[in-house]
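Quick note: the coordinates plus some simple rules give every number you see, no bench work behind them. Small disclaimer: the values here were computed from a predicted structure and weren't measured. Cβ placement follows ideal geometry from the backbone for every residue including glycine, while neighbour counts extend to all protein chains displayed.
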Amino acid sequence: MAKTRKPSCELLLPGAQVWQSWTGAEGAACLLQAEQNATGGKFGKEAARRVLALPAVHFWALPAWLKGQPEHLRSMGLLHLERMGIKAEDFEASVQVRNMQGKEGAYLTRILALKDLPTPLTDTARLPDEVTLHALCYPLVQNSLTIFRELGRLVVAITSGSQLIYCSPLSANRLDGNALAELNNICLQLGFQGVLGRLESIVLWIEEGDVQQIQRVTGLSAYRCDMPAPTMPERGSSLLMPQDVISERQSQTRRSKTRFLALVAGTVIAAAIALVATLTSLALQERNLLRDKVASLTPRASRVMDHKKAWHEAAPAVDPTSWPQQILLHCMEPESSKEASITHWEWTPERMNLRGRMPSASLALEYTQAL
Amino acid sequence: MKKSEKLLLGVFAFLFLAIIGGGGLMFAFNNYMAIREENDTLRDRLGEMNLAISQGADWAEKYGWLEEHSPNFTSRQEASAKLLEVITGVAEKMGLSIGGKEFIEAAHVLGPDGLPLQEDLGYFDKATVKITLAGVPERAFYGWLHSLQQPQSFLGITRMQINPSGTNKTINAEVEFTQFYREKSAPKVSKAN
């Protein structure tokens, strides 16, 4: 029976009320795997690639018309954020500036900046490979304003063409008159900035809200539909990464490195101990063997050694090879001895002392070496 | 725990491990080297013993000859007198005039009990005399030595000093002759027995 292969990508996103774990292939619609709690989510063990979709409250997602060279869009985007009083670090992991459309040297860009908020992960043992904005995981309707819920909060996402250009949580908790006024205010501000294109409709991914009232207040056609399944973001589509996740990853790398070094050190020490123990054991075995052999040979050998010592003691009397005449003859054997005039010759069985004269130092050396 | 405390703890742990572990390892290594050294010594000794055993028959034969031919005297004085008599007798025959004669007492290393050490005693008793000759002809001198030194006589030269006198191939010499013997009254017990 053929075994179904499990999807290798996991997408953790904030659902309407709780965190949800979805799985699927890259660029394809995902399947809901499990629902978790509202405080935070955690990744499963099996996924090879993990994507964390953070709620809109973790981001500044703003559109802006920026005038200048396309390669300077990022710097201009950072200046735009600064002008708006938003402090953002100049890191690829903190701010993403994307060009949406260009016209007469000006570019409509979407600035996506991470806020300095703790990442809502309940288990940091498995960290995300990529982090993205939750709203970017859905196929949004073109030139529309979409309203949905993230962990109980109302969120509005606005598209220009098919691209998301604005996303922000609403202050209102229910889609009532206050919420609609807030929507109008947002649209007005974006209109003043000239970043809002031609809005065609309002899409409701929530059950609440009076469609007639919305149409009457906003002047746009509104309709309600089911929230679609999220799409697994393509690999490398987002370089954003919260600082606490980066720190945790570095900490994990350091811990892993420390564990590896400790393991290597332990292995080396264990190997050294084993080596010394083995060598010592082998040397001890050899020593015991040698001691046994020496002990077994000692009685026979000591008798022979005694005979030898007795002979050597009497050698000056009984062994002609060790007589001084023989040694004197030996001193006369080298060819260079013909040149030597010896002035002093002293001999005992243990040593010999010879003094004399030679025509040159080299001959003296030659004679000494010959002796 | 603060980071600095962690760092300090890590440094102390490392130092502790380095000192204790390094010390233990050094001790084990030194112990191993000491065993190796002992093994080398034992191997050398075993080689010497095997060589000695392989030559055992030769040495036993030589020892047997020594036991058979070693002269016996009742005392050291007798041995010394006999030694001097032989030396002067041969010298007279060869026409050599002996300048000086001096009996030399063997210096023994004493043990803690005041007696000579067993290793220092040797296998034979010895009587030594120092002879001084001045301006003797070389040929006569060597002939004298040759006449005196016969293996069966157990008379050996244990020190000899020669200096040319500077006139007509004559030399000045100092020779110590030693008589190896066994005392008859109290036969010496050989180590080999």
Handout entry: Spatial separation of Cα centroids for region A:225-266 and region B:132-189, in angstrom
Key = 100 Å
Problem - Translational diffusion coefficient (Stokes-Einstein; Kirkwood radius from C-alpha pairs) of region A:135-226 at 37 °C, 0.692 mPa s, in µm²/s - result: 252 µm²/s
Exercise for the section: Please state the charge dipole magnitude for region A:249-345, taken about the Cα centre, from unit charges on C-beta atoms (+1 on K and R, -1 on D and E), reported in debye and rounded to the nearest 20. Expected result: 1500 debye
Practice task
Could you size up the charge dipole of chain A around its Cα centre, putting +1 on the beta carbon of Lys and Arg and -1 on that of Asp and Glu, and report it in debye to the nearest 20?
Solution key: 460 debye
Exercise for the section: Multiply the residue gap between A:Ala265 and A:Asn143 by 0.36 nm, knock off their C-alpha separation, and tell me the result in nm, one decimal place. Expected result: 37.7 nm
Problem - Alpha-carbon gyration tensor eigenvalues x 5, square-rooted, for region A:219-371, Å - result: 94, 31, 11
Exercise for the section: Select from chain A the helices, each a whole stretch of DSSP H, whose alpha-carbon atoms run 20 Å or more along the helix axis and whose Kyte-Doolittle mean is at least -1.0; answer none if there are none. Expected result: A:177-193, A:243-318
Practice task
Before rounding to the nearest 500, sum -39500 (n - 2.57) across all DSSP H runs of length at least 4 in chain A and divide by the residue total; then give [θ] at 222 nm in deg cm²/dmol.
Solution key: -12500 deg cm²/dmol
Handout entry: Amide H within-cut-off set for A:Ser144, under 5 Å, with H built and near neighbours excluded
Key = A:Thr159, A:Glu200
Exercise for the section: Work out, step by step, the length gained on full extension between A:Ile342 and A:Leu289: first 0.36 nm times the residue separation, then minus their alpha carbon distance; give nm to one decimal. Expected result: 13.7 nm
Problem - Contour minus Cα-Cα distance for B:Phe14 and B:Arg139 (0.36 nm per residue) - result: 36.7 nm
Exercise for the section: Could you compute the FRET efficiency for B:Glu105 and A:His312, with r as their C-beta to C-beta distance and R0 at 22 Å, rounded to 0.05? Expected result: 0.45
Handout entry: Amide N of region A:114-154 lying under 12 Å from the label point, which is placed 7 angstrom from the Cα of A:Ala16 along Cα→Cβ
Key = A:148-153
Exercise for the section: Would you kindly derive the ³J(HN,Hα) couplings of region B:25-37 from the backbone phi angles with the Karplus curve 6.51 cos²θ - 1.76 cosθ + 1.60 (θ = phi - 60°), listing them in order in whole Hz, with x for Gly and Pro? Expected result: 5, 5, 4, 5, 5, 4, 4, 4, 5, 5, 5, 4, 4
Fill in the blank from the handout: Asserting the computed 222 nm helical MRE of chain B (DSSP H runs at least 4 long, -39500 (n - 2.57) per run, divided by residue count, to nearest 500) equals -18000 deg cm²/dmol
Practice task
Mind giving me the nanometre distance, one decimal, between the label points for B:Gln55 and A:Glu104, set 7 Å out from Cα along Cα→Cβ?
Solution key: 11.8 nm
Practice task
Classify chain A as rounded, prolate or oblate from the Cα gyration tensor: take a ≥ b ≥ c as the square roots of its eigenvalues, call it rounded if a/c is under 1.5, otherwise prolate when a/b beats b/c and oblate if not.
Solution key: prolate
Practice task
Using Cα centres only, tell me the gap between region A:330-359 and region B:1-43 in whole Å.
Solution key: 57 Å
Exercise for the section: Normalising by the residue count of chain B, find the relative contact order in percent from Cα pairs under 8 Å and 6+ residues apart. Expected result: 22 percent
Exercise for the section: Before anything else, pin down the relative contact order of region A:97-208: Cα pairs under 8 Å, at least 6 apart, normalised by residue count, whole percent. Expected result: 22 percent
Problem - Virtual paramagnetic centre 7 Å along Cα→Cβ of A:Arg216, amide N under 20 Å, in region A:154-180 - result: A:174-180
Handout entry: Residue-wise HN-Hα coupling along region B:84-90, computed from phi with Karplus coefficients 6.51, -1.76, 1.60 (Hz; x: Gly, Pro)
Key = 5, 4, 4, 5, 5, x, 5
Handout entry: Efficiency of FRET between A:Ala125 and A:Ala172 - r from beta-carbon atoms, R0 30 angstrom, step 0.05
Key = 0.20
Practice task
Give the long-range amide H neighbours of A:Leu240: residues separated by 5 or more places, or on another chain, with amide H under 5 Å away, using H modelled in the peptide plane at 1.01 Å from N.
Solution key: A:Val131
Problem - Global geometry of chain B, whether rounded, prolate or oblate, following the gyration tensor of its Cα atoms and the 1.5 cut on a/c - result: prolate
Practice task
Mind giving me the nanometre distance, one decimal, between the label points for A:Thr253 and B:Leu25, set 7 Å out from Cα along Cα→Cβ?
Solution key: 3.0 nm
Completion exercise
Restricting to Cα pairs under 8 Å and 6 or more apart, the percent relative contact order of chain A works out to 14 percent
